[in-house]
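The values are calculated or read from the model by the stated rules, or taken from the named source; none is laboratory data. This structure is a prediction, so every number in the text was calculated from the model and none was measured. Ideal geometry is used to build each Cβ from the backbone, glycine not excepted, and the neighbour counts take in all protein chains shown.
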Amino acid sequence: MFSNILAVVAIQLLIRSVSSQNVTNEYLNHQCNNTQGTYTRGSTFEKNLNQVIHNISHLHLRNGYTYESNVVAYEVSKDPNIVFVLLQCRGDSYGSKCHSCLHTALSGLRERCPGNRGAIIWYDQCVLEISSINTKGRIRYDSFFNMTNLKNVSSDAEQFKNKRKDLFNKLLVKATKDVSEKNGWYAVGETRIGRNKLYAMMQCALDLTPNGCYVCLEWITGRYDSYYFDRRQGGRVLGRSCSLRYELYPFLRR
């Protein structure tokens, strides 16, 4: 019995290790929020959700982001069936690639959280959130999770960790200051470590302010870098509000 449990754990760790190294739009994780209740097929909430998704499908998504609701004045609305949808695509997955990820994520969300009024799902190239509560501009500290490469660096681990920390610090500043119309709070960079190169990216959802983005990225680097990443060759932290990733190989579109 114990050996079977170890085998299952080993398989799960292997999947996460492989996930950390594939440049695809694979499913990564999801959260079904049970505190917001559920909706039934054909209900007003479902009709509102379908309308919002329909509206998003006609957007250009040039910067890979949108936050939409079925109510224009949603900040003061008392509508019990109000729907909010956040779509944030990875910085290199805007336009048609973002639309493709939206459809994949929506299908996955309906399969994994059927009928939930609140839910989040992550794919390699986007995060999709549906909610009955306005979450715009909020840092969702309860949504973060991490994935790491099972392999450790083979030599000079301290140099590797210091180089990674320096790169993270540079990207943190860059992501919150160098704003472009195309992808907003998004920064990529690389640094040489001996014969290898370390590649990294950071990104925030565009509904955050520059200060909010900085706080979010500073929080995840401080929480995950030294303990969860340590000597790992690659890893990432993903949340509804911000994310980061690093690898010893290129993992973004050029």
Among the candidates L244, L206, L252, L248, residue that is closer than 21 Å to H30 by Cα and surrounded by fewer than 22 Cβ atoms within 10 Å (Cβ to Cβ): L206
Check on L86, modelled with pLDDT of 95 or more, crowded, with 17+ Cβ neighbours inside 10 Å and part of a strand (DSSP E or B): yes
Any hit, the range 47-61, residues being polar (S, T, N, Q), in a loop (DSSP other than H, G, I, E, B) and either farther than 20 Å from G108 by Cβ or modelled with pLDDT of 95 or more (or both): no
Qualifying residues in the range 24-48 (those that are within 14 Å of G115 (Cβ to Cβ) and among the hydrophobic types (A, V, I, L, M, F, W, C)) - the one nearest to the chain's Cα centre (by Cα): C32
Yes/no for I15 being in a helix (DSSP H, G or I) and either at pLDDT 95 or above or farther than 30 Å from N152 by Cα (or both): no
Answer from K161, K197, K165, K151 - the residue that is more than 20 Å from the chain's Cα centre (by Cα) and surrounded by 17 or more Cβ atoms within 10 Å (Cβ to Cβ): K161
Whichever residue in the range 115-144 is part of a loop (DSSP other than H, G, I, E, B) and of a type in the set (A, V, I, L, M) and, among such residues, is surrounded by the most Cβ atoms within 10 Å (Cβ to Cβ): I139
Any chance E218 is closer than 24 Å to N29 by Cα, surrounded by fewer than 16 Cβ atoms within 10 Å (Cβ to Cβ), modelled with pLDDT of 95 or more and not small (G, A, S): yes
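Matching residues to (1) closer than 27 Å to L49 by Cα; (2) out of contact with any Ser or Thr (no Cβ under 7 Å at 6 or more places or on another chain):
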site: G115; (1), (2): yes, no
site: W122; (1), (2): yes, yes
site: R138; (1), (2): yes, yes
site: V153; (1), (2): no, yes
site: A157; (1), (2): no, yes
site: Y186; (1), (2): no, yes
site: R192; (1), (2): no, yes
site: M201; (1), (2): no, yes
Options V127, V83: the member that is in contact (Cβ under 8 Å) with a residue 60 or more places away in the chain and β-branched (V, I, T): V127
